[in-house]
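The values are calculated or read from the model by the stated rules, or taken from the named source; none is laboratory data. Given the structure is predicted, the values throughout are model-derived calculations rather than measurements. Backbone-built Cβ (ideal geometry, glycine too); neighbour counts: all protein chains shown. These accessible areas exclude ligands, DNA and RNA; they are computed on the full protein's heavy atoms, side chains included. Shrake-Rupley method; radii C 1.70, N 1.55, O 1.52, S 1.80 Å.
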Amino acid sequence: MKEVSGNGNGTADYENAIEIQGLTKKYDGFTLDNVSFAVPRGTIMGFVGQNGAGKTTTIKAILNIIRTDGGSVRILGMDHIEKEYEIKEQIAAVFDEIPFQDCFNAVQLNRVFEGLYVNWSSETFFSYLDRFQLPRRKKIRSLSKGMKMKLQIATALSHGAKVLIMDEATTGLDPVVRNEILDIFREYLKDDTNSILMSSHITSDLEKIADAVTFIDKGKVYLTGYKDELLERHALLKCSRKEFETVARQDYISARVGEYNVEVMVADREAAHAKYPDIVCEKTTLEEIMLFYVNREKGEWS
């Protein structure tokens with residue numbers, strides 16, 4: 001992934017919209033353990049992991065909602081604590097649950113955000129309401145989940161934010177609404193100075209839209225890189241149980257063992273094909289990669 005460049009004073013050129021180094025947060029029963037990854041400017045980073053993997057904790061740390069026990073976060077080239085107010089003028093966050101008072105309506109929200117953001121555009125906000133066919137005076141509590149998510153996105157895109165941070169934003173939405181939201185994100189990325197960090201366990205959405213992917217499990221990042229490179233490098237070996245006995249443990253991440261056949265995830269397609277030329281070697285998906293890494297400690301699973 002790209003590295004940050006510049007002098008670090010907030011006005012320098014930067015290649016990473018978000019840069020995380022050694023992020024650590026300890027709770028009773030869970031530790032966010034030395035998390036490091038970067039979101040290159042102009043990209044969508046898919047932040048992938050099962051529920052409880054540490055995605056939301058990481059996002060809360062990035063937004064300085066929780067205090068961490070170690071590590072650093074830079075957003076738009078600036079330290080996320082030292083320059084918190086400057087940064088929050090230029091970023092927007094969308095959560096799986098709407099954070100607004102449910103007694104408000106869209107017109108009232110517009111008045112609130114006019115006072116919060118220097119660059120707030122009521123014209124942009126109401127144009128998104130019209131595009132999403134959202135009512136202006138209906139209370140938030142009476143909106144559907146899909147309408148609430150669209151309302152959050154309308155507010156996120158109405159103050160010129162350079163970074164969108166999405167926490168399970170498409171969870172629970174029907175496919176039509178999810179695709180509509182993904183189209184909005186594609187439009188937003190037409191400006192190559194904009195960037196998105198999108199946490200999700202819906203890997204099919206990220207297959208469609210993400211440029212890069214970071215996998216997290218049990219508080220640790222175990223894979224990060226550009227999506228196409230990760231998909232090209234990983235592969236599934238499909239073999240019989242007898243053939244599986246010839247595959248060295250150090251050559252695979254984990255293996256899904258069936259009654260007769262075995263599927264084996266490898267992280268180096270070319271090396272595996274050269275070493276095991278008689279075993280079928282097939283392309284894989286982000287979902288399969290996640291499943292096999294989650295089960296890496298077991299080695300063999302079913």
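Each Lys or Arg adds one and each Asp or Glu subtracts one; over the other residues with Cβ under 9 Å from the Cβ of A106, this totals +3. Each part reduced to its alpha carbon centroid, region 41-59 and region 146-187 end up 15 Å apart. How far is helix 122-131 tilted off the main Cα axis of the chain, in degrees rounded to 10, range 0 to 90? Result, in degrees: 60. Using a probe radius of 1.4 angstrom, the carbon and sulfur fraction of the accessible surface of region 168-282 is 50%. Per residue, the convex hull spanned by the alpha carbons of the chain comes to 150 Å³.
Using C-alpha pairs below 8 Å separated by at least 6 residues, the relative contact order for the chain is 20 percent.
Among the chymotrypsin sites (Phe, Trp or Tyr not before Pro) in region 244-302, those placed in a DSSP loop whose Cβ has at most 15 other Cβ atoms within 10 Å are Y260. Measure off, as a whole percent, the carbon and sulfur share of the 1.4 Å-probe accessible area of region 75-156, all protein chains present. With neighbouring chains kept in place, the figure for region 75-156 is 47 percent.
Would you mind getting me the FRET efficiency between E270 and S36? Use the beta-carbon distance for r and R0 = 25 Å, nearest 0.05. Efficiency, from the Cβ-Cβ distance: 0.40. If the segment from R249 to R296 were pulled out straight at 0.36 nm per residue, it would be longer than the present Cα-Cα gap by 15.8 nm.
Quick one: helix 145-156 against the long Cα principal axis of the chain, what's the angle to the nearest 10°, folded into 0 to 90? Once rounded, the angle reads 70 degrees.
DSSP assigns beta bridges within the chain; of those with both partners inside it, close to 65 percent run antiparallel. Ligands, DNA and RNA are left out, and with a 1.4 angstrom probe the accessible area of the chain is 48 Å² per residue.
Helix 106-116 and the long axis of the chain differ in direction by around 90°, with both axes built from C-alpha atoms.
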